[in-house]
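Quick notes on the structure that follows.
Derivation of every value follows stated rules applied to the coordinates shown; laboratory data play no part. Bear in mind the structure is a predicted one, so any value in this text is a computation, not a measurement. Cβ coordinates were reconstructed from backbone atoms using ideal geometry, including for glycine residues, and neighbour counts include every protein chain displayed.
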Amino acid sequence: MAETGAGRFAPSPSGRLHVGNLRTAVLAWLFARSTGRRFLIRVEDLDRARAGAEAEQLTELSALGIRSDSPVLRQSEQTDRYTAALDLLIARGLTYECFCTRRDVAEAASAPHARPGSYPGTCRDLGDGERARRRDGRRPALRLRSEVAAWVVEDVLAGRVSAPVDDIVLRRNDGVIAYNLAVVVDDAAQGIDQVVRGDDLLTAAPQQSHLASLLGLAAPSYAHVPLAVTAGGRRLAKRDGAVTLEDLAGQGCTAPAVLGIILSSLGLPCGSLDAALAAFDPGRLPRHPWVVDPATLSSTAVDPACKPSAPTDKVHP
Ligand code: GLU
């Protein structure tokens with residue numbers, strides 16, 4: 001296929017993927033393929049990595065027919081790229097050291113005029129003496145010295161999204177590169193120009209797009225898709241019941257059947273990824289969260305219309 005950009009799925013290898021994660025992966029694949037893009041998988045293992053989870057997740061994705069067109073990229077192997085990006089921002093005076101603990105930030109953020117969820121700027125303008133004093137015994141985080149109040153992105157599903165640009169952490173005080181910087185650097189380095197992911201990250205998109213512009217990188221297009229939730233409206237989690245491929249296999253629900261459940265939840269033909277691709281239209285996707293009841297999930301695969309097509313020799317013995 002021609003090199004016309006790429007889409008991606010970028011799981012954190014913290015454990016097995018559940019049906020909500022798998023549905024986002026299916027959507028990312030459909031968006032990429034339906035627009036002639038390559039599809040890449042990136043392992044976001046800077047944080048929250050559990051030994052063995054990467055291999056499990058790749059096997060799970062592969063069982064649904066979702067594979068990376070290029071070797072999987074691991075964030076833990078990209079340190080030089082992140083450092084180069086950080087150095088660029090440091091050289092331009094766009095960073096500052098922050099000595100605040102989580103608690104400091106939470107306390108300052110709850111002050112009467114603070115903007116909820118944003119960094120109150122405590123360390124932004126520390127004098128040299130004060131900074132040296134605070135550095136004593138404490139390793140600082142590095143924050144962006146943001147010079148704009150807000151940034152706007154266009155999302156294929158959500159439309160125009162404006163969000164405040166905060167003085168986000170770029171490097172944590174334990175030395176680990178922060179997610180927001182890593183994701184921007186990786187997307188650009190991998191030629192990713194289409195980001196499809198859960199809508200819990202919608203408000204992070206303007207921040208990331210702004211960071212891309214500071215680094216002279218093209219921002220990708222965005223499509224933030226609805227998440228899977230429980231009947232109570234809470235984001236689906238593995239502890240909610242049988243929601244991973246492994247759990248569902250234990251109930252006799254095979255990977256192709258799970259794919260069928262996912263595709264059917266999207267209003268798409270459920271026989272195969274290719275059949276879904278032929279019918280895929282982002283404008284017709286459900287805009288509300290997918291409500292999953294783990295107790296009945298596997299039985300939703302019983303609908304014959306959603307059964308993956310069986311080989312002919314089994315239908316006519
Ligand atoms: N690694 C993030 C997650 O698993 C996704 C980040 C992204 O898609 O930008 O939630």
Percent antiparallel among DSSP beta bridges (both partners in the range 1-146, rounded to 5):
40 percent
Find, among the trypsin sites (Lys or Arg not before Pro) in the range 176-260, those assigned to loop by DSSP (not H, G, I, E, B) with at most 13 other beta-carbon atoms within 10 angstrom.
R234
If I model a spin label at E147 and R133 as a point 7 Å from the Cα along the Cα→Cβ vector, what separation in nanometres do I get?
3.0 nm
For the range 265-282 and the range 90-168, what is the centre-to-centre distance using only Cα atoms, to the nearest Å?
42 Å
Would you mind classifying the chain by shape? Square roots of the alpha carbon gyration tensor eigenvalues, ordered a ≥ b ≥ c; an a/c under 1.5 is rounded, otherwise it is prolate if a/b is larger than b/c and oblate if not.
prolate
FRET E, pair R81, L277, Förster distance 30 Å, beta-carbon r, rounded to 0.05
0.40
Could you tell me which residue out of G137, V195, V148 lies farthest along the dipole of the chain toward its positive end? Charges go on the beta carbon: Lys and Arg +1, Asp and Glu -1, centred on the Cα centre.
G137
The range 2-105: GluC sites (Glu not before Pro) in DSSP loop, at most 15 other beta carbons within 10 Å:
E3
Please give the length that would be gained between L157 and D293 if that part of the chain were fully extended, namely 0.36 nm times their separation in residues minus their C-alpha to C-alpha distance (nm, one decimal).
46.4 nm
Test of understanding: in a Gaussian network model of the chain with alpha carbons linked when under 10 Å, which of I90, I66, I192 would top the mean-square fluctuation ranking?
I90
Taking only DSSP H segments of four or more residues, each worth -39500 (n - 2.57), what value at 222 nm results for the chain once the sum is divided by all its residues, to the nearest 500 deg cm²/dmol?
-9500 deg cm²/dmol
Scale the Cα Rg of the range 1-114 by the rule-of-thumb value 2.2 N^0.38 Å and send over the ratio, two decimals.
1.40
